[in-house]
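Only one structure is covered here, and it is reproduced in the block below.
The values are calculated or read from the model by the stated rules, or taken from the named source; none is laboratory data. The model shown is predicted, which means the values in this text are computed figures rather than measured ones. A quick note on method: Cβ atoms are made from the backbone with ideal geometry, for glycine too, and the neighbour counts reach across all protein chains shown. Accessible surface areas use protein heavy atoms only, side chains included; no ligands, DNA or RNA. Shrake-Rupley method; radii C 1.70, N 1.55, O 1.52, S 1.80 Å.
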Amino acid sequence: MLQEAWWKRGIIYEIYARSFQDSNDDGIGDLNGIRERLDYLTWLGVDAVWISPIFPSPMADFGYDISNYCDIDPVFGTLTDFDALLQEAHRRGLKIILDYVPNHTSDEHPWFAESRSSRNNAKRHWYIWRDGKPGGLPPNNWVSQFAGSAWTFDPDTNQYYLHSFLSKQPDLNWRNREVREAMFQVLRFWLDRGVDGFRVDVAWLLIKDAALRDNPLNPDFRATQPAINRYLSLYNADQPEIHDLIAQMRAVLDAYSDRILIGEIYLPFSRLVTYYGQNLMGAHLPFNFALIHVAWRAQEIATLIMDYEKALPPGGWPNWVLGNHDQPRVAARVGAAQARNAAMLLLTLRGTPTMYYGDELGLARVSVPPEFAKDPWAKNEPGIGVSRDPCRTPFQWTGAANAGFTTGRPWLPLDPDYRTQNVECLQHDRHSLPGLYHRLIEIRKRHRALSIGDARVISADDDVLIYERSHGSEKLVIALNFAPESRRLSAPQLTASSMVLSTSMDREEMASDLKLRGNEGAIFVLSPQGRSGAGA
Ligand code: GLC
């Protein structure tokens, strides 16, 4: 039987590099720290690790402002440390995916230093420079994702440059062939070193309207929203030319075997799926963030699954993301009781799952007092709840000082719960949340119906979502109760089934009354073939 590609079968785990494990007492996570913790990832059972940016950076946006694409920032280690991590990960069968940040460099990147040095510099058009409008106004009305105008005036050359994020993150001009070639060389640099793929930062923003037209006002804008929502992103995002560019990136990867291209794309399904590209020659996985934004109810999630499946192009492989370093953590969004269902949902849906470090420990919204605040977005727009600090706090390994994350002063505070909510305490408690993740991953691997099988929503009545996964003669049914009270299961299929796993991990059978307890989810196996493989 043809083996499916690793990125279809596998599970991706995002590590926010500053917060996973510090190995040199500076309070910031690093590459040697990640290498020391590979045993844990192997235990958990994930297949690939995506690491947030580790390249030299002034850290205005914590690594998303890069001043050299082909080296490692000393805070994270050295190229030798990186090679050692890659080698050790590969020895264990773990893939390494890097963060590729093509939309913008740091203003301290030598390319930008040249570009801003004069209007005639050879690299002037590597970035997007324009004259202002009369009256000292910027060239258009575009707003930075982090608030304020997306244009900064440079008095030395009397023009403005565009930055979709901070003024310290000038946007590259991807319409320029030299920029494309230089940035494709960056991909090759890491591919030659052996990395297994890239997550492309803000992939849907790379190309801007050629005429840089003003965006229209958003009629639904409310003052409590971030400034970026004031206008509709008609001309600064999701431009038609983007697909040719992504296909070119993909072609760079395709010269190597078995590498993956993932796109960070925040768009509705109908637009998102266009990023698979013509003949699926775009991103292998345009990240699907719908679970992050959905109202956590059975009916809404059922609709989401069906809409997504319907939107996918033939052969396009689905994927689901439960959390990342820009969003409130899943336990903060859905609550501790439903976090178990969220884990079961993620790991039983059709499509590659992406987990976010620490979600498996149940980390929620860690409180970060104002004097520790780091996120530049929250500094630009205080008081409206956009800070990403609460989802970026250090991982919790042990009950010792600073949870074993560092012997220095952690760059962000830890959750005060760390003395009990840590890997050491929870890993071998099979009822714990990490215990559940571990078991779900094991079950997903054991059942092809779960990893590569078909999916069908059966019902979403009375707060219970029921769906089926099948492959050949193997059939599994997943039922998730979104209500805090118990619910009777009405699916007739389940009368001839056996339970493989309950999210509460304290029973392996269901009484004949077919009831799920409040907030409980369960996996059942229906076919005789599956049943024989279902034992613990
Ligand atoms: C992406 C990153 C985010 C960063 C931004 C600018 O959305 O995930 O953390 O701030 O791009 O690079």
Given H placed on each backbone N at 1.01 Å, which residues far from L172 in sequence or on other chains put an amide H within less than 5 Å of it? H104, T105
Nonlocal amide H pairs with N218, under 5 Å, H built at 1.01 Å: Y231, L232
Please list the three semi-axes, largest first and in whole Å, of the ellipsoid equivalent to the chain, using sqrt of 5 times the eigenvalues of its alpha carbon gyration tensor. 40, 26, 23
Loop-located GluC sites (Glu not before Pro) in segment 408-498, at most 16 other Cβ atoms within 10 Å (DSSP): E485
Starting from 0.36 nm per residue, how many nanometres of slack lie between E442 and K515 once their C-alpha separation is accounted for? 23.8 nm
A correct Karplus calculation of ³J(HN,Hα) over segment 286-300, with 6.51 cos²θ - 1.76 cosθ + 1.60, θ = phi - 60°, whole Hz and x for Gly and Pro, returns x, 3, 9, 9, 4, 5, 6, 9, 6, 6, 7, 9, 3, 5, 4
Loop-located GluC sites (Glu not before Pro) in segment 1-90, at most 13 other Cβ atoms within 10 Å (DSSP): E4
Label D25 and T42 with points 7 Å out from Cα along Cα→Cβ: what is the distance between them in nm? 2.9 nm
To the nearest Å², the heavy-atom accessible area per residue of segment 1-75 with 1.4 Å probe amounts to 30 Å²
Return the FRET efficiency for the residue pair D258, T78: r is the Cβ-Cβ distance, R0 is 22 Å, and the value is rounded to the nearest 0.05. 0.25
Local net charge near A364, Cβ-Cβ under 11 Å (Lys/Arg +1, Asp/Glu -1): 0
Tilt of helix 177-193 relative to the longest C-alpha principal axis of the chain, in degrees (0 to 90, nearest 10)? 40 degrees
With θ set to phi - 60°, apply the Karplus curve 6.51 cos²θ - 1.76 cosθ + 1.60 along segment 396-408 and write out the HN-Hα couplings as whole Hz, x wherever there is a Gly or Pro. 10, 8, 9, x, 6, 3, 6, 6, x, 6, 8, 9, x
At 7 Å along the Cα-to-beta-carbon direction for both E4 and E371, put a label point, then send me their distance in nm to one decimal. 5.2 nm
Roll a 1.4 angstrom probe over the protein heavy atoms and tell me the percent of accessible area of the chain that is carbon or sulfur. 51 percent
Note, segment 145-162: 3J(HN,Hα) by Karplus (6.51, -1.76, 1.60, θ = phi - 60°), whole Hz, Gly/Pro = x, goes 4, 9, 5, x, 5, 7, 10, 10, 7, 10, x, 4, 10, 6, 9, 9, 10, 8
Cα centroids of segment 66-122 and segment 313-373: how far apart, whole angstrom? 27 Å
Suppose only helical runs count, i.e. DSSP H with n ≥ 4. What mean residue ellipticity at 222 nm does that imply for the chain under -39500 (n - 2.57) per run, divided by all residues and rounded to the nearest 500 deg cm²/dmol? -7000 deg cm²/dmol
How much length is gained if the chain between E241 and T224 is pulled fully straight, taking 0.36 nm per residue apart and subtracting their Cα-Cα distance, in nm to one decimal? 2.8 nm
Can you pick out the pairs among K123/K379; K168/K208; K123/K374; K8/K475; K475/K515 whose Cα atoms lie more than 29 Å from each other? K123/K379; K123/K374
Sequence-distant or interchain residues sharing an amide H contact under 5 Å with I72, placed H: which? L79
DSSP-assigned coil residues among trypsin sites (Lys or Arg not before Pro) in segment 206-275, each with at most 13 further Cβ atoms within 10 Å: R222
Around S502, what is the net charge, scoring Lys/Arg as +1 and Asp/Glu as -1 over all other residues with Cβ under 14 Å from its Cβ? +3
Relative contact order [Cα under 8 Å, 6+ residues apart], the chain, whole percent: 13 percent
